[in-house]
Amino acid sequence: MLARRTHLFSNSGTARARAAAKAAAEAGRDVVDLTAGEIWSPLPPAVRDGAIEAIERGVNRYTDTLGLAELRAALAHKLQVETGQAWRSDEIAVTTGAKQALFNAAMILIDPGDEVVIPCPYWTTFPAQALIAGGTPVFVETRHRAFVPCIDDIERALTSRTRALVVNTPNNPTGAVYPRELLVQIAELAIARDFWIIFDECYGSVIYEPHVHHPIVSLVPEVRSRTLVVNAFSKALALTGWRIGYLAGPKEAIDAVRALQSHTTSNPNVIAQHAVLEHLRRDDPSFENGLRSDLAAARRIGLEKLKRIPGIPTPRAEGGFYFYLDLTSLLGADGAGPAPTIDDIVGRLVTEAGVAGVAGSAFGDPGGLRISYGGPRDSFELGLDRLISAFETWDAAADLVM
């Protein structure tokens, strides 16, 4: 018999979308996959060199549960530069990607019956991990405010059982960047109402002017005692498969993570740790700068193309590498039959247009479509052209019903 909690969650939206695209390709259809939450790029030179050097030295032993001491010190320095505050190694846990950092946060903070406030649309892992920990996700709708939550809506969602608020900026899937003023309000509310902030800044290195990413602990230093910062090298260095992330927070929280992580992964992959450490030691931003430049170029191309779609607002795309399209104009019933759903549209894009995206239903939003521009440029442009052509052809919502 399966464990009692497995019915509470399902595969991530991206996993389901990629599986559908793969199935279509195996059936002989030509499908361009725009679902990926990753950047296609060669390895950063320092990461490659660090991994090779560690392998040649025969590095194959356990590290400290929370990661190499040298890496945690380097991460503390990185956070000091980014936040303007001093950090210690015992406030850092190296994790197997940001997903484990988030899992650790959920498991040490949330008891059965606790509530976790999550702005919607959300990355699918946020509510799933709250449920795994026995908590209850409480969603705050943001669609009516261009996908940025309102502090009044957040406050209305709070109860005596609220344990944490998830802040994900830049946001996945919408690309929205939370403004400074909102982050200050959130921090002050957390202090006043005594809840934790889980601050996911995994896309914080990919921001487009004039927008700016603000670490919340920099804006209101007093909130640091109730904030867990989650980040990874998956996006900043295009290392999704290497699974190296980190969690930063108060020492007592990191001590709890040590106890938990010792029973899950023991320690993150040792070669990946040495590889990232070498990159941090060299302190050369040229790779990240080049990556951001490539993404910015793809974003410009995509935004120009997307202007051609009638009736669909230009996406925000303020950070990250996704376009989140608001397709609600295609979803209204015209009286001739049942209204299509976002899943109908996404399914038809795969089968008829040969392009795969992620339905907003995966992110708790019935009207959106996420497409990635982090993949190969030629495939991205081909897929976007196919998508635009399909939307130009489908001129009535009734035409979209499967």
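Matching residues to (1) under 18 Å from the mean Cα position of the chain (by Cα); (2) within 20 Å of T174 (Cα to Cα):
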| position | (1), (2) |
| --- | --- |
| Y208 | yes, yes |
| H214 | yes, yes |
| R243 | yes, no |
| D294 | no, yes |
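Considering each of R348, R281, R299, R292 in turn, give the residue that is of a type in the set (K, R), touching a residue at least 24 places away in the same chain (Cβ under 8 Å), closer than 17 Å to S389 by Cα and not in a loop (DSSP other than H, G, I, E, B). Even if it seems obvious, please write down each step before you answer.
On the way: R281 fails: closer than 17 Å to S389 by Cα; R299 fails: closer than 17 Å to S389 by Cα; R292 fails: closer than 17 Å to S389 by Cα.
Answer to the selection: R348.
Can you spot a residue in segment 302-325 that is farther than 27 Å from G97 by Cβ, open to solvent by less than 10 Å² (accessible area, probe 1.4 Å) and under 18 Å from the mean Cα position of the chain (by Cα)?
Looking through segment 302-325, at least one residue is farther than 27 Å from G97 by Cβ, open to solvent by less than 10 Å² (accessible area, probe 1.4 Å) and under 18 Å from the mean Cα position of the chain (by Cα).
Answer yes or no as to whether E288 is among the acidic types (D, E), modelled with pLDDT of 95 or more and open to solvent by less than 70 Å² (accessible area, probe 1.4 Å).
yes
Select from segment 242-254 the residues that are open to solvent by 70 Å² or more (accessible area, probe 1.4 Å) and in a helix (DSSP H, G or I) and list them in ascending order.
Selection gives W242, K251, E252.
Which condition does S372 not pass, out of (1) among the polar types (S, T, N, Q); (2) within 21 Å of R29 (Cα to Cα); (3) modelled with pLDDT under 95, if it passes all the others?
Unmet condition: (3).
Sort through P310, P315 and tell me the only one that's under 26 Å from Y122 (Cα atoms) and outside any strand (DSSP E or B).
After applying the criteria, what remains is P315.
Residue check, V229 against (1) closer than 15 Å to G84 by Cβ; (2) among the hydrophobic types (A, V, I, L, M, F, W, C); (3) touching a Lys or Arg at 6+ places or on another chain (Cβ under 8 Å), all met but one. Which one?
Unmet for V229, out of (1) closer than 15 Å to G84 by Cβ; (2) among the hydrophobic types (A, V, I, L, M, F, W, C); (3) touching a Lys or Arg at 6+ places or on another chain (Cβ under 8 Å): (3).
The values are calculated or read from the model by the stated rules, or taken from the named source; none is laboratory data. Remember, it's a predicted structure, so these values are computed and weren't measured experimentally. Using ideal geometry, Cβ is built from the backbone for each residue, glycine included, and neighbour counts are taken over all protein chains shown. These accessible areas exclude ligands, DNA and RNA; they are computed on the full protein's heavy atoms, side chains included. Shrake-Rupley method; radii C 1.70, N 1.55, O 1.52, S 1.80 Å.
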